[in-house]
Amino acid sequence: MKNNIKIIGAGPAGISAAILLAHFSVHSTLIDENSEIGGAIFKKPDKGMNNSTFRDEKTFIRARKMFNEFEECSSYIDLQLESEVLGNFPLTNDLAILQKGKVKTISDKNLLIATGCYERAQPFPGWTLPGIMSVGGIQSQAKCGNVKPGKRAVLIGTGPLLLVAAKQLHMAGVTIVAVLEAGRQKDIVKNSFNLMSNTKLLKEGMSYMLYLKKHRIPFYYGHGIVRAIGKDHLEEIVVAPYDDKWHPVKEKSFTLKVDCAGIQYGYVPRIQLTQMLNCKHTYNLNRGGFFPVTDSWQRTSVKKIYSAGDNSGIYGSDVAVLSGKIAALAYLIDISEISIEEAEKIANPIRKEMNKLKKFQKTLNDFSGLKEGLMGLPDQDTIVCRCEHVKKEIIDEAIEVGVKDMGALKIRTRIGMGNCQGKMCGNYCNEYLAHKLGSSHENVGWLKPRFPMAPIPFDSINTNN
Amino acid sequence: MKNKTTDIVIIGGGVIGTSIAYELSKNPTLSIKLIDIKKEGNATQASAGGLWAIGESVGLGCGVIFFKTLSKRKQETTNGVLETQRPHQLPPFFFDFCLKSNDLFPNLWRELKEIGGVDFKLEKTGLKFVMYDDDDKAYAENIYNSIPHLQNQMKWMDSIQLKEDEPFINKNAIGALTFLNDDQVNPYLLMNAFRDAAKVQGVEIINDEVKDIEVNNGKVVAVHTTNNRISCNTVINAAGSWAAEISSMVNVSLPITPVKGQILLSEKMPKILKSCLSTSDCYIAQKDNGEILIGSTTENKAYDTSSSYAELQGLASGAIKAIPILKHMNCKRTWAGLRPGTPDEVPILGPVEGIDGYLNACGHFRTGILTSAITARIINDLVHLRKPEIDINPFLLNRFKDKMKNEPELV
Ligand SMILES: Cc1cc2nc3c(=O)[nH]c(=O)nc-3n(C[C@H](O)[C@H](O)[C@H](O)COP(=O)(O)OP(=O)(O)OC[C@H]3O[C@@H](n4cnc5c(N)ncnc54)[C@H](O)[C@@H]3O)c2cc1C
Ligand SMILES: Cc1cc2nc3c(=O)[nH]c(=O)nc-3n(C[C@H](O)[C@H](O)[C@H](O)COP(=O)(O)OP(=O)(O)OC[C@H]3O[C@@H](n4cnc5c(N)ncnc54)[C@H](O)[C@@H]3O)c2cc1C
């Protein structure tokens, strides 16, 4: 194969890129750790599970369309599922991939990184209690339909996913005690004009709100988490109104009796690979913190490495589809498969659509963008790094003795030395350090990811028989 | 205050710089500043933390990979013939240096915990050289016979004793030679412990990069950092693999080059190893929190600190051979660090002719964790113009004088 770009991540961004390339008869290798394509939003529930809830969604129709298109292009796409990219070996220009229990290497040239995002973990007192989940976690349980996450649930955080999850859980037979959105109603009303830029998404959002209303599910603007209480399992959640900066107004707090809670304060781009590949990164809290810098064609600062979708800054699945196409066009230009003029012609309407969507998203961010009050949620004895059981007070102590960046914080406290390499606590710690020191997020830096990005059995790199 | 001259500026805050800062801080009349900026690959944070005084001196631990053992070499030579080789051993004064340092640790542990509050996790483990075949045995016998005065610190184990002691070791191992006092610490906690205790005792820690050293009439007068000029009477070069960069600021060339070492780390596991292990492939140490650390390579790759697949495979395969159940355990992280290497594997300590107020404390190669304690005492003596408890001559830079003329590539 003459030209072969490796696309890491088979979500909306990666799939749309592969499809566009196929339309130009250009081959690609599409790599994803899951057993199905689709990424975070279109991923089918595991085989054999009841997915009736999922079928109901509009997203399913979109997914179906994309999967069909993908099928038609399959002769151009070498699909490698259950293949986890674990990092790179720069001296040999290799990328390491775990496949069938063994690590193998492929060339690290010509990469489109479309690894999507994680849900940002928000520490608060009691957040490690069983029964507390990320909204994505709770959602995937609801989608499967086999196990209910609980009987009485609350959804707390910010952003439209709270509404989506509330509906899905409710349809799966869970009582939704309340949905609490940290953003304030006046901020959304103020910007309603901008939201008109995407009537489709606006309508979708409204339909979710109507669903809650119809089923008498209480929805609170300007409210959020304070703490979770329970002995061995979640029993109660304390919530409160949030002020302008999202500091809870504790005098007005109240308690909800629930046995499960979905918490969601923001997303974080999965940038471990672009970090390891030495791409330049920038910081913007509203787009999830650090993400690789890209030019108008989704090229990163490193030659022949492209980034698209939520990996290149959170903008949601619709933008992911479009940015995947732009990245594919960039590759076609770079291998002289099409001229810049030709590419521009195709890109123009895509960019126009993308800008419209980004405007919508920006408005949502103004409403939903994380605020500094969240940093004060943990108590002194709240665990921040779950892998190494590092409490908030240990982090404060470290700051007191002069720790100024994430590397020093790691050596001092062991944050990020656990199995997740800081995927959980890294963002909170960066935000907190920058806030406390009045320093920039760039200066505070990040926890350097290393091979393997996720734990692997030693046997996977064993060469004895 | 601003223009006050500092007595001593220490450049580099790894285990060596911090241990010196701590030792010097026992004298309350000295004003001391430690300047450090953590560079990618600094050795202390990457280290295994073995206090393998005899093991490393006879070429085990990191040394094994440096000079592969006989059996390993035999496997690799096509015809299988190779004359019996003596293990790679360091000179007797180096044994002394290591053993003296090792003896200091129990007290140090108490002191540092009391003063600065950091527990650097000193564990009595011993180090076992695990033997798989007769060649390994011949190699171990060579070691044993070459240091008769230390035989009370060594113990032979046959395969039955070994199995009893370490039930998870490869059933085919024929025995082990144990070094009873070769223990371990947590290396970065040791550095934290030195630093915090030094701080309590008045050392100022400055997070900055040294850019230049100002010399006037052959005497050091100030250190320039990115942000400041710090006037001082004495500088101590403890900049690890970057020591030659620092010495060039006073026109001294040091034959110190970075020697890359890679490490693999397991997830936390229940305690399955009593002692640290060294085989002809790798060393294995279970740390106090249950993580199993596997090391290490010795590579000349300049300042590169990336992981590389072939080397990791070699280490992992060696570790699985030694501890078969590791196969099913997870590796959660790999990294690499830069040992400050010297041509004769011996550190470079003390003054340099022709430049006043400059002291070397660098080139600790693969034993800087172990020898940090004694290094600090030697430097402390030199600062106070006392004769060190160990003969300084074999550690001085001028030992390379003639060689440096003949082998200019070392400079
Ligand atoms: C848990 C969760 C639930 C969400 N639910 C919704 C929703 O219901 N509705 C909605 O509009 N938006 C949702 N989003 C947001 C939405 O996922 C994104 O906007 C959109 O999916 C982004 O598409 P993408 O192609 O950039 O990334 P993704 O869809 O996330 O796809 C990235 C893919 O790459 C894979 N991958 C990542 N790293 C590696 C690696 N190292 N090796 C191999 N494979 C790798 C991932 O497993 C994933 O399959 C959700 C996000 C998350 C995290
Ligand atoms: C993989 C590996 C395993 C090892 N295992 C063992 C073991 O088991 N037992 C053992 O005893 N030893 C071991 N060692 C060796 C030991 O780690 C080193 O000998 C020791 O850490 C050296 O300490 P140092 O302070 O001289 O160097 P470093 O720890 O590298 O410290 C030097 C410091 O100086 C800083 N610096 C450099 N230039 C400047 C500048 N211009 N301005 C300011 N600061 C500067 C550096 O960034 C660094 O922080 C191992 C080493 C490696 C790499």
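Placing R0 at 30 angstrom, the Cβ-Cβ distance between B:Glu141 and B:Asn300 gives a FRET efficiency of 0.45 after rounding to 0.05. Computed over protein heavy atoms with a 1.4 Å probe, the accessible surface of the range A:93-142 works out to 34 Å² per residue. Computing FRET efficiency as 1/(1 + (r/R0)^6) for A:His23 and A:Asn278, where r is the C-beta to C-beta distance and R0 is 35 Å, gives about 0.65. Sparse packing (at most 16 other Cβ atoms within 10 Å of the Cβ) combined with a DSSP loop state is found for the following trypsin sites (Lys or Arg not before Pro) in the range A:163-253: A:Arg216, A:Lys231, A:Lys245.
Evaluated on the range A:378-444, the Kirkwood hydrodynamic radius is 11.5 Å, with distances taken between all distinct Cα atoms. To the nearest ten degrees, helix B:187-200 and the longest principal axis of the Cα atoms of chain B are 30 degrees apart. Determine which aspartates and glutamates satisfy two conditions relative to B:Lys128: a Cα distance under 14 Å, and not lying fewer than 8 residues away in the same chain. Partners within reach: B:Glu56, B:Asp136, B:Glu141, B:Asp158, B:Glu164, B:Asp165, B:Glu166, B:Asp182, B:Asp183, B:Asp281. Amide H contacts under 5 Å for B:Arg333: B:Leu265, restricted to partners 5 or more places along the chain or on a different chain, H placed in the peptide plane at 1.01 Å from N. Going 7 Å from the Cα of B:Phe168 toward and past its Cβ, which residues in the range B:316-358 have a backbone nitrogen under 16 Å from where you end up? Inside the label zone: B:316-333. Ordered by solvent-accessible area of protein heavy atoms (1.4 Å probe), largest first, the residues A:Thr115, B:Thr29 come out as B:Thr29, A:Thr115.
Counting Cβ atoms of other protein chains within 10 Å of each Cβ in A:410-419 and taking the mean gives 4. With N the number of residues in the protein assembly as shown, Rg(Cα) / (2.2 N^0.38 Å) evaluates to 1.04. Charged side chains reduced to their Cβ positions (Lys and Arg at +1, Asp and Glu at -1) give the range A:378-444 a dipole of some 240 debye around its Cα centre. In the complete set of protein chains, residue-level accessible area for A:Phe42 is approximately 0 Å², probe 1.4 angstrom. A:Arg120 exposes around 20 Å² of accessible area when a 1.4 Å probe is run over every protein chain in place.
In this simple spin-label approximation, B:Asp134 and A:Thr463 carry label points 7 Å from Cα along the Cα→Cβ vector, and these lie 2.8 nm apart.
Contact with the other protein chains removes 40 Å² or more of accessible area, compared with the isolated chain and a 1.4 Å probe, from these residues of the range A:84-126: A:Phe89, A:Leu91. Please give the helix B:309-322 orientation as an angle from the longest Cα principal axis of chain B, in degrees from 0 to 90, rounded to the nearest 10. Roughly 50 degrees between the two axes. For A:Lys280, a cut-off of 13 angstrom between C-alpha atoms picks up these aspartates and glutamates, skipping any fewer than 8 places away in its own chain: A:Asp295, A:Glu442. Each label was represented as a point 7 Å from its Cα along the Cα-to-Cβ direction; for A:Lys352 and A:Val401 these points are 6.1 nm apart. When the Cα positions of B:Val235, B:Gly218, B:Ile325 are compared along the charge dipole of the range B:207-327, B:Ile325 comes out farthest toward the positive end, with charges on each C-beta of Lys, Arg, Asp and Glu.
Annotation for B:Lys26 and A:Glu442: the two label points, set 7 Å from Cα along the Cα-Cβ direction, are 4.6 nm apart. Reported to the nearest whole Å, the Cα centre-to-centre distance from the range A:352-414 to the range A:450-465 is 31.
Across the range B:216-231, computed HN-Hα scalar couplings (Karplus, 6.51 cos²θ - 1.76 cosθ + 1.60, θ = phi - 60°) run 10, 6, x, 10, 5, 10, 7, 10, 9, 10, 3, 10, 8, 10, 10, 6 Hz from first to last residue, x flagging Gly and Pro. Largest GNM mean-square fluctuation among B:Tyr139, B:Tyr22, B:Tyr358, using chain B with Cα springs under 10 Å: B:Tyr139. Taking B:His364, B:His384 and ordering them by how much accessible surface each has at a 1.4 Å probe, largest first, produces B:His384, B:His364.
Rounded to the nearest 20 debye, the dipole magnitude of the range A:121-265 is 440 debye, with +1 charges on Lys and Arg beta carbons, -1 on Asp and Glu beta carbons, and the Cα centre as origin. Excluding ligands, DNA and RNA, the accessible surface per residue across the range B:1-62 is 31 Å² with a 1.4 Å probe. For A:Lys58, the aspartates and glutamates whose Cα comes closer than 12 Å to its Cα, not counting residues fewer than 8 places off in the same chain, are A:Glu204.
Out of the chymotrypsin sites (Phe, Trp or Tyr not before Pro) in the range B:298-357, which ones are loop residues according to DSSP with at most 16 other C-beta atoms within 10 Å? Display every interim value, and only then the final one.
On the way: sites: B:Tyr303, B:Tyr309, B:Trp335; in loops: B:Tyr303.
Taking the range B:298-357 and a limit of 16 other Cβ atoms within 10 Å, the loop chymotrypsin sites (Phe, Trp or Tyr not before Pro) found are B:Tyr303.
Helix B:134-146 and the longest principal axis of the Cα set of chain B meet at an angle near 40°. Annotation: A:Glu372 carries an accessible surface of approximately 70 Å², with a 1.4 Å probe and no ligand, DNA or RNA atoms counted.
Size of the dipole of chain A about the Cα centre, Lys and Arg at +1 and Asp and Glu at -1 on the beta carbon, nothing else charged, in debye to 20?
Details: 60 positive and 47 negative charges, 177 e Å.
So the magnitude is around 840 debye.
Long hydrophobic helices in chain A: the complete DSSP H runs spanning 18 Å or more by Cα along their own axis with mean Kyte-Doolittle hydropathy of at least 0.5 are A:317-334.
Between chains B and A, what is the buried accessible area in Å², counting both sides, with a 1.4 Å probe and ligands, DNA and RNA left out, to the nearest 100? Provide the component values of the computation, followed by the final result.
Values: alone 17490 and 21360 Å², together 35700 Å².
Result for this pair: about 3200 Å² buried.
At a 1.4 Å probe radius, carbon and sulfur cover how many percent of the accessible area of chain B? Walk me through the intermediate numbers first.
Numbers: 8020 of 15960 Å².
Within chain B, the accessible surface is 50 percent carbon and sulfur.
Taken residue by residue and averaged, Cβ atoms of other chains lying within 10 Å of the Cβ of A:221-229 number 0. Considering only A:Gly416, A:Gly438, A:Gln380, the residue lying farthest towards the positive end of the dipole of the range A:378-444 is A:Gly416, judged by Cα position with unit charges set on Cβ. Per residue of peptide B:329-339, the mean number of Cβ atoms on other chains within 10 Å of the residue Cβ is 5. Take B:209-221, B:339-351 and order them by the average number of nearby Cβ atoms within 10 Å per residue, most first; the result is B:339-351, B:209-221.
The values are calculated or read from the model by the stated rules, or taken from the named source; none is laboratory data. The structure displayed is predicted, hence computed values, not measured ones. Positions of Cβ are backbone-derived with ideal geometry, glycine not excepted, and every protein chain shown enters the neighbour counts. With ligands, DNA and RNA removed, areas are computed over all heavy atoms of the protein, side chains included. Shrake-Rupley method; radii C 1.70, N 1.55, O 1.52, S 1.80 Å.
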